[in-house]
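In what follows, a single structure is set out as structure tokens and then discussed.
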Amino acid sequence: SVLLETSLGDIVIDLFTEECPKTTLNFLKLCKIKYYNFSPFHNVQKDFMAQTGDPTGKGEKGESIYGILEGPSKRYFPAEINPKLKHTKRGTVSMAVAQDASVESGGVSGSQFFITLADDLDYLDGKYTVFGEVAEGFDALDKINEAYCDNKGRPYRDIRIRHTVILDDPFPDPKGLEIPDRSPVPTKEQLESMRIAEDEEIEEQGDPQEIENRRREREARAHALTLEMVGDLPFAEVKPPEDVLFVCKLNPVTRDEDLEMIFSRFGHINSCEIIRDRQTGDSLCYAFIEFDKKEDAEEAYFKMQSVLIDDRRIHVDFSQSVSKLHRDWITKRLQGGNESMGGFDNLQKRTRYREGEGGNSRGADYELVFDSEERKSGAGPDKKRQKTETKHEKSTSEDKPDHSRSERRSEHRSDHRDSRSDRKSDYSRSDRRPDYRDSRDSRDSRDSRSDNRDSRS
């Protein structure tokens, strides 16, 4: 029997020394020289098996006691498969088969072994050497079975064999076997194979409020990154502008121009807007004021707090909204602008109404939009209309036939239609509608001639 002290509890294994003498001798002597110390369970399949025995934790190495004593040529030994020993119950201990096992030999074994975590795994019978069974420590097997693992079966938190204790060894020690006085120190390769140590705390320690704040911050950062990936945010670290103030607790009668006049003493204001209900138009008693400079916004923030406006003491704070920046970014993206949308300066850029000589604002290429030069010179709508008509006449004379000839042709067609209509009316009156008396006289003459013919006959 062997006692395995693991990070999740002790496991006692009884060995079938008579049925598998060579395999059990190999296992006992490897435990005796502390070969399995610090070996991890590198492959855990829930309700199937847990595999260990490779000190490196990679699952590709390991050698038998015969290879340690006699050289690399004896690294593996033929599997001792006994048809009477089967994987019928949970806790069955079997030797793993090496990757370079040959079909003729029936498989070879080294140092790796596995413990079954379910009953009736009969499809493993005849393929692996059953050499023992778990006598005590099924609670540790339950913990191993519930370990959280990656897609390759490797537990995220290390499950390792700490020590191996020989309870009963019926075999004499082979020649040359060296038994250490104490457990060996883990090698560099073994330390590098660690993920989360068995005694490492993965839960945050400290003040619960600080832990909750950090959790919310990480959650908000993850949401912002998701919005950036799907295209709803220009970049995940977007911040509210520093030149926009949020003013609340306003009197419903306060107007935009009144608020702008009061705050304009601190500096130039780009926009001042009191938010109103869409349906009723009533003030919602809060507003956003955008200054041209950040310094002016800071001065207004410190001096306008709790100031009395229209019998109401207002509250002033910096805006925490990025909706305006987001709206500008969406507009630029839809319009196909060439400017970089990730720069913070471009996001905060504002354009005033009809400002700038060379602005390429929407509608600048239409004729009915007044340009700044005409507005400065005092040109009104009539002058603009005359200019537009002159331009239209010029383009018409260049692109189309002579307008005067077309007018004459139109008049000639009109006169011709009038004469035709006159002739048509005369014809209808004289020719097509003869006088009724003339028709009656003609009928009387025809009747008299007919009577004369009858009398001659």
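Being under 17 Å from F302 (Cα atoms) and either crowded, with 17+ Cβ neighbours inside 10 Å or not assigned by the TED database to the domain that holds R312 (or both) is the filter here, so list the residues in region 243-266 that pass it.
D243, V244, L245, F246, V247, L259, I262, F263, F266
Which of the following residues is among the β-branched types (V, I, T), farther than 30 Å from Y36 by Cβ and at pLDDT below 85: V238, V185?
Among V238, V185, only V238 is among the β-branched types (V, I, T), farther than 30 Å from Y36 by Cβ and at pLDDT below 85.
Within region 14-60, can you find the residues that are hydrophobic (A, V, I, L, M, F, W, C), open to solvent by less than 40 Å² (accessible area, probe 1.4 Å) and either outside any strand (DSSP E or B) or over 15 Å from Q112 (Cβ atoms) (or both)?
First pass over region 14-60, keeping only residues hydrophobic (A, V, I, L, M, F, W, C): 15-16, 20, 25, 27-28, 30-31, 33, 38, 41, 44, 48-50.
If we keep only those that are open to solvent by less than 40 Å² (accessible area, probe 1.4 Å) as well, we get 15, 20, 25, 27-28, 30-31, 33, 41, 44, 49-50.
Within region 14-60, L15, C20, L25, F27, L28, L30, C31, I33, F41 qualify.
Would you check which residues across region 275-307 are open to solvent by less than 30 Å² (accessible area, probe 1.4 Å) and in a strand (DSSP E or B) and list them?
S283, A287, I289, E290, F291
Taking the condition of being over 45 Å from the mean Cα position of the chain (by Cα), basic (K, R) and at pLDDT 90 or above, how many residues in region 85-138 meet it?
So the answer is 2.
With out of contact with any strand residue (DSSP E or B) (no Cβ under 7 Å at 6 or more places or on another chain) and among the polar types (S, T, N, Q) as the only criterion, which of T116, T129, T56 stands out? Before the answer, list the steps.
Values: T116 fails: out of contact with any strand residue (DSSP E or B) (no Cβ under 7 Å at 6 or more places or on another chain); T129 fails: out of contact with any strand residue (DSSP E or B) (no Cβ under 7 Å at 6 or more places or on another chain).
T56 is the lone residue from the list that is out of contact with any strand residue (DSSP E or B) (no Cβ under 7 Å at 6 or more places or on another chain) and among the polar types (S, T, N, Q).
Of the conditions (1) open to solvent by less than 90 Å² (accessible area, probe 1.4 Å); (2) assigned to a loop (DSSP other than H, G, I, E, B), K175 clears all except one; give me its number.
All conditions are met except number (1).
The values are calculated or read from the model by the stated rules, or taken from the named source; none is laboratory data. This is a predicted model, so every value here is computed, not measured. We place every Cβ from the backbone using ideal geometry, glycine too, and count neighbours over all the protein chains shown. Please note that ligands, DNA and RNA were not included when accessible areas were found on the heavy atoms of the full protein model with its side chains. Shrake-Rupley method; radii C 1.70, N 1.55, O 1.52, S 1.80 Å.
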